[in-house]
Amino acid sequence: MVKYFIKRLIGLRLRDILKDILPYLTVTVAGFLIAWIITRNIQNIVLLLCAKVAIAAFFYILVMKMSRSVVFKESTDYFINFLWNKKK
């Protein structure tokens, strides 16, 4: 049903949507798996949460920078500009 509305509103096929999303989804899942493997022996729940978030974020940012992702660069630039203009 969602596929019908997406195609009707903006003309994208499911294949095109998956082509756009799949690389980012793959990096995200890989980051979660790496964080889970590295932190599986941590018992402290607060330390576990902080470590998982830090490892997954570090991995995601590293891969996005190394792959020179245009979407990631535009998103971070927009966010930085938003924060900068909000302070003024």
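Each reported figure results from applying straightforward, stated rules to the coordinates on display, with no laboratory input. Keep in mind that this is a model prediction, so the values were computed, not measured. Virtual Cβ from ideal backbone geometry, glycine too; neighbours counted across all protein chains shown.
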Practice problem: Give, in nm to one decimal, the length gained when the segment between VAL70 and ASP16 is fully stretched (0.36 nm per residue of separation minus the Cα-Cα distance). | Solution: 17.7 nm
Quiz item: If we count other beta carbons within 10 Å of each Cβ, what is the order of TYR78, TYR60, fewest first?
Solution: TYR78, TYR60
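Which net charge results for the neighbourhood of VAL71, defined as the other residues with beta-carbon distances under 12 angstrom from its beta-carbon, given Lys and Arg at +1 and Asp and Glu at -1?
Charge balance in the 12 Å sphere: -1.
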Quiz item: Cα convex hull of the chain: mean projected area in nm², to one decimal?
Solution: 9.0 nm²
Self-check item: Helix-only [θ]222 nm of the chain, DSSP H runs n ≥ 4, -39500 (n - 2.57) each, per residue, nearest 500
Solution: -29000 deg cm²/dmol
Quiz item: Of ALA51, ASN85, ASN41, which is farthest on the positive side of the dipole of the chain, counting Cα position, with +1 on Lys and Arg Cβ, -1 on Asp and Glu Cβ, and the Cα centre as origin?
Solution: ASN85
Quiz item: Got a sec to turn the phi values of the range 18-26 into Karplus ³J(HN,Hα) couplings, 6.51 cos²θ - 1.76 cosθ + 1.60 with θ = phi - 60°, whole Hz, x for Gly and Pro?
Solution: 5, 4, 6, 8, 4, x, 6, 5, 4
